[in-house]
1. Which strands (runs of 3 or more DSSP E) does segment 624-723 wholly contain that include 2 or more residues that are in contact (Cβ under 8 Å) with a residue 60 or more places away in the chain?
2. From the residues in segment 64-81 that are among the β-branched types (Val, Ile, Thr) and within 19 Å of residue 226 (Cβ to Cβ), which one is surrounded by the most Cβ atoms within 10 Å (Cβ to Cβ)?
3. Where in segment 491-558 are there strands (runs of 3 or more DSSP E), lying fully within it, with 1 or more residues that are surrounded by fewer than 23 Cβ atoms within 10 Å (Cβ to Cβ) and touching a helix residue (DSSP H, G or I) at 6+ places or on another chain (Cβ under 9 Å)?
4. Scan segment 561-620 for residues that are of a type in the set (Ser, Thr, Tyr), surrounded by fewer than 17 Cβ atoms within 10 Å (Cβ to Cβ) and part of a strand (DSSP E or B) and report the count.
5. Looking at this structure, is residue 363 more than 30 Å from residue 692 (Cβ to Cβ) and either at pLDDT below 95 or surrounded by 16 or more Cβ atoms within 10 Å (Cβ to Cβ) (or both)?
6. What's the number of the condition residue 670 fails, among (1) of a type outside the set (Lys, Arg); (2) within 26 Å of the chain's Cα centre (by Cα); (3) more than 23 Å from residue 591 (Cβ to Cβ)?
7. With respect to residue 391, determine if the residue is small (Gly, Ala, Ser) and assigned to a strand (DSSP E or B).
8. Please determine whether any residue of segment 218-236 is surrounded by fewer than 23 Cβ atoms within 10 Å (Cβ to Cβ) and among the aromatic types (Phe, Trp, Tyr).
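The values are calculated or read from the model by the stated rules, or taken from the named source; none is laboratory data. Source: prediction; values computed, not measured. All Cβ positions, glycine included, derive from the backbone under ideal geometry; neighbour counts span all protein chains shown.
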Amino acid sequence: MTRLSTLLLAGVSLLPVGARAQDLPAIDVYAGRSPAPAFAPAVEPAREEKILNYTPRGADLAQALGDTPGLALATGGGVSSLPVIHGLNDDRNAIVLGGVPISAACANHMNPPLSYLDPLAVGEVEVITANVPVSKGGDSIGGAIIVKPRAPAFARAPSAEVKGPLPPGFVASATVSSSFRSNSGGVSVGGHANIANDHFSLSYDGAWTKAGDYHAGGGALVRATRYEAQNHSATLAYQNDGHALAFRYDYQHIPTQGFPNQYMDMLLNRGNTFDLSYKGAYGFGRVEANAYYHLTQHYMNFLASRVGYNTSPTSGMPMYVNGQDFGYRLKAEIDASAADLVRLGSELHMQRLNEWWPTPTNMLMMGPGMMCCGTYLNVNQGQRDVLSTYAEWERRWSPQWSTSLGLRNDVVWMDAGDVQGYSAKAYGADASAFNVKDHAKTDVNFDVSALARYTPSDFAAYEVGYTRKTRSPSLYERYTWATSTMAAHMIGWFGDGNGYYGDVNLKPEVAHTLAATAQWRGRDWTAKVTPYYSYVEDYIDANYVKTLGSGANATNLLRFANHDAELYGFDLSGRAVVARTVDYGDFSLAGQLNYVRGQRRDGLNLYHMTPLNGKVALENSIALFGGRLTSAVEVRAVAAKTDVQAIRLEPTTASFATVNLRTAYEIQNLRFDLGVENLADKLYYEPLGGVDVADWRAGANALIHTPLAAQGRTVYGGVTVKF
């Protein structure tokens, strides 16, 4: 952690006490669009706790969303899990951070969009798992995750003056948090500060986290799971008479992040994001617009725990990526009548990507060969531009009935330059085969959304919808090219140990999805169920090409390929107050049950389908010593994963159940958290954890296809202070 960032975080606590503290805003998590106000999401008892309950446990924003029904997590690095919604992973979901659609700039997707924001800096998260309207995102076939950083806070005029160095009319607020985790020795610290009057606001968010390699249940070390990350954000905003203008700058620095189910580790990820946004109210409705630029500088090599020595840019196997995202988003909401709302939008997202692997210095003396003596160009001058337009019409036909219809067009232009390997002798044939092809591709895609909602009373609501959603291939799916063992093993975000290469002629994926949501509520209970079915034309999966290596540790060479597929399942969630007592507080039960099944039309199972899984928690809330104590005992159970994909050599995983404890005490401006994850220190394997490549590389595992062990017992605690 740099001295500057330490001072920035520490300085938050030195601000004068504000006239009004800025509380952490809400998280909106629901399947489908928001129903009538009487129907808040069934599994969200306290919106603020969706983030506050997680932050002492870690700094991975994707993990903070892990309680969302229908959302699973594929294991990545300590702050880089990959969200999977209804069996559709990563790029297949529309993910936007503060109006910026950040692309993964890594062949292993080590820097997915959600990794660029610390949970402490989040203002609101909207997770849509089914019936995604066209206005919520295109160029995707799954759900949508829309993250809004903490919003600027303005003083309410007339406001109480702050005594201190601030000018009259200004107020200030601040929050400082810190936490620890026993397993891996993890520590985190974060802060927020806001200074404002009724027109101007200046805010800062900062966070730093660090952890070592964790231990699995029973005590075994899991290599290449350490990480360190810091994130900083500053926002200057102005508002007046229904209009608001804001400029936000985000900076990320990750010097270390291990990826145990990949062949490489992250030794640097530096992100810079610039975003200028506008919101305004007019007589006809509302307008939102933003323009953005994001730069990623990414470096991969090996951690010492994997190979036994500290690598550097001149040793090991250095790999570099430079990625850029820039564009605009424009949306207008038009109140066409008292019953009609029209949304019109235009978006432009331009991506630039270069990935190159220089020859390590220690290889130069070996002469021409597999890794000498040129620079390997994995993706050269990759371009992916998406121009989108959409129209959406909502109408309330009666107090009970409403509908939404939407149409979206995404035009995708893609191109990449010629490539080369470390040497012509080893890579010349593959490079020539790729270079002679026409790399420029244009896809014209159309999305449709049609939803109907029926709310017969304050105690029931029903929604049914059809969506047609399209996603064009990524730069890595179309433009990676080498078939050699080493190069192919560097491609893939699946954590399966296999090697991949692309196909310039891949077609876009087209998903036809039917989904319904039913919600019921009583005085002290809520319940919700969402069944869904998707038929995906030209789903981008893989074809077997050949076996790499021999014996028990052989892997497969796979090429990205289109196949028709279908996915179906359901999400069930609910909450009920089971007892209200004077002496012991209120007791509630909350739970969820999720299931997804995915198959190609040729009968092959899809990869990384989460088996039947569920959670149930007994919660208690009681007033105590002038504050409030909330506690929970949670049991999480996951069935055995037996439906695995043969061509990826996907391992099965056994069923398991874990017990988690957590408690939090809030009094005035203080909050204390304490909890235990995996209370019994059980050895288990997440169904989406992938294989333990790092331990195999270090010689700790005899077989590369050994599932990655999950984290053992962890005791955590945290303190939050608001000023």
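1. 656-667, 670-677, 714-722
2. To start, the set of residues in segment 64-81 that are among the β-branched types (Val, Ile, Thr) comprises 68, 75, 79.
Adding the requirement that they be within 19 Å of residue 226 (Cβ to Cβ) leaves 75, 79.
Values: 75: 21, 79: 30.
Selected residue: 79.
3. Details: elements: 499-501, 509-521, 525-548.
Correct list: 525-548.
4. Within segment 561-620, the first condition is being of a type in the set (Ser, Thr, Tyr), and the residues that meet it are 568, 573, 581, 584, 588, 595, 607, 610.
Checking which are surrounded by fewer than 17 Cβ atoms within 10 Å (Cβ to Cβ) leaves us with 581, 584.
Adding the requirement that they be part of a strand (DSSP E or B) leaves 581.
Selection size over segment 561-620: 1.
5. Values: more than 30 Å from residue 692 (Cβ to Cβ): no; either at pLDDT below 95 or surrounded by 16 or more Cβ atoms within 10 Å (Cβ to Cβ) (or both): yes.
When the stated conditions are applied, residue 363 does not pass them.
6. Tallying (1) of a type outside the set (Lys, Arg); (2) within 26 Å of the chain's Cα centre (by Cα); (3) more than 23 Å from residue 591 (Cβ to Cβ), residue 670 fails exactly one: (2).
7. Values: small (Gly, Ala, Ser): yes; assigned to a strand (DSSP E or B): yes.
Here the answer is yes, as residue 391 does meet what is asked.
8. No: zero hits.
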